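Asks: Submitted below is the structure of interest, expressed as structure tokens.
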Amino acid sequence: MEQPVSFRRELKRRAKAALPPLVFLLVVAYFAWNATQGDLGLRSYAAREQDLLAAQATLATATAEMQTWERRVAALRPSHLDPDALDERTRAMLNVADPADIVVQYSTDPHAR
């Protein structure tokens with residue numbers, strides 16, 4: 001009977017000795033997982049960087065479009081408006097011409113003469 005009692009004691013002693021390192025390893029594993037996979041981890045950081053680049057590209061596109069519209073609107077102000085250019089553009093858009101007008105067709109090919 002002496003044999004089984006000492007085996008149990010040895011097993012209990014080794015389990016008590018292994019418990020603190022096991023708990024420490026579990027805590028380290030938890031923090032390591034969160035450092036890579038968590039909300040503030042490396043993968044989330046990379047995803048936020050991609051979102052930031054996409055947002056910056058969208059901002060650049062929107063800014064360029066806004067500047068284009070600002071130039072167009074500025075060209076419509078009375079101080080910048082050329083009546084002849086306005087008349088020409090209106091006729092071209094409405095496809096209307098006066099019977100007395102001479103219409104010269106331009107080629108759409110930039111390399112044609």
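Coordinate-derived values only; no laboratory data. Not measured: the values here are computed from a predicted model. Glycine gets a Cβ as well: all are built from the backbone with ideal geometry, and neighbour counts include every protein chain shown.
Asks: So what's the gap between the Cα centers of segment 72-112 and segment 25-40, to the nearest angstrom?
Replies: About 67 Å separates the Cα centre of segment 72-112 from the one of segment 25-40.
Asks: Can you compute the helix-only [θ] at 222 nm over the chain? Use -39500 (n - 2.57) per DSSP H run of at least 4 residues, normalise by all residues, nearest 500 deg cm²/dmol.
Replies: About -26000 deg cm²/dmol.
Asks: Also: How big is the charge dipole of the chain about its Cα centre, in debye rounded to the nearest 20, if each Lys and Arg gets +1 on its Cβ and each Asp and Glu gets -1 on its Cβ?
Replies: Dipole magnitude for the chain comes out near 1680 debye.
Asks: Rounding to the nearest 10 and keeping the result within 0 to 90°, find how far the Cα-based axis of helix 42-75 lies from the longest principal axis of the chain.
Replies: Helix 42-75 sits roughly 10 degrees off the main axis of the chain.
Asks: At a Förster distance of 41 Å, what's the computed FRET efficiency of Glu88 paired with Ala47, Cβ-Cβ distance as r, to 0.05?
Replies: FRET efficiency, Glu88 to Ala47: 0.20.
Asks: If I model a spin label as a point 7 Å beyond the Cα along the Cα-Cβ vector, how far apart are those points for Leu40 and Ser107 in nm?
Replies: Between Leu40 and Ser107, the simple spin-label model gives 6.7 nm.
Asks: Which three extents, in whole angstrom, do the alpha-carbon atoms of the chain cover along their principal axes, largest first?
Replies: Here the spans come out as 127, 35, 23 Å, largest first.
Asks: From the backbone phi of segment 9-23, what are the Karplus-calculated ³J(HN,Hα) couplings (6.51 cos²θ - 1.76 cosθ + 1.60, θ = phi - 60°) in whole Hz, Gly and Pro given as x?
Replies: Working through the residues one at a time gives 4, 5, 5, 5, 5, 5, 5, 5, 6, 8, 5, x, x, 5, 4 Hz.
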